[in-house]
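Notes follow once the structure below has been shown.
Just so it is clear, none of the values below were taken in a lab; they were calculated from the coordinates. What you see is a predicted model; the values in this text were computed from it and never measured. Here the Cβ is made from the backbone with ideal geometry for all residues, glycine too, and neighbour counts use every protein chain on show.
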């Protein structure tokens, strides 16, 4: 569900989900130009410093969305190195992500409205709001 939310936040022409966990050399989401240049690399979770460094070398823009209980220790440990790279980092509130996950169904229709740094999500099971903060 966090991948879907990151996709919605960054909606643009050419944006695609990748193969995910089965392709370790690819981001969760990317956007490529018509001549196959990597325009946007989006990772969801807490990637390593080396992974972000690699992404920033091959993509014009890199975004990382972290969201779980490990986010604060991950950010605190890598902050000095992460801020030296050409990447943007965002954090979702863990309780909001849990509320979003509770709306998941095998087949579902979802409505997402984005205003500022908040997304309002509605499904057949209910609604929730997920806000994010930019870490850098």
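Of note:
- If you run the Gaussian network model on the chain, springs between alpha carbon atoms under 10 Å, then out of 117, 86, 68 the most flexible one is 117.
- Considering only the Cα atoms of the stretch 5-81, their convex hull presents on average a projected area of 5.4 nm².
- Label-point gap, in nm, between residue 18 and residue 48 - each point 7 angstrom along Cα→Cβ: 1.5 nm
- Size descriptor for the stretch 2-134, Kirkwood hydrodynamic radius: 15.5 Å (Cα pairs only, one decimal).
- DSSP bridge pairs, the chain: antiparallel proportion in percent, nearest 5: 70 percent
- GNM flexibility winner over the chain from 14, 126, 116 (Cα, springs under 10 Å): 116
- Label separation (residue 25 vs residue 81): 2.2 nm, computed from points 7 Å beyond Cα along the C-beta direction.
- For the pair residue 105 and residue 124, label points projected 7 Å from Cα toward Cβ lie 0.3 nm apart.
- Footprinting exposure proxy for 54, 19, 81 (fewest neighbouring C-beta atoms within 10 Å first): 19, 81, 54
- Tilt relative to the chain, helix 49-58 - C-alpha long axis, 0 to 90 degrees, to 10: 80 degrees
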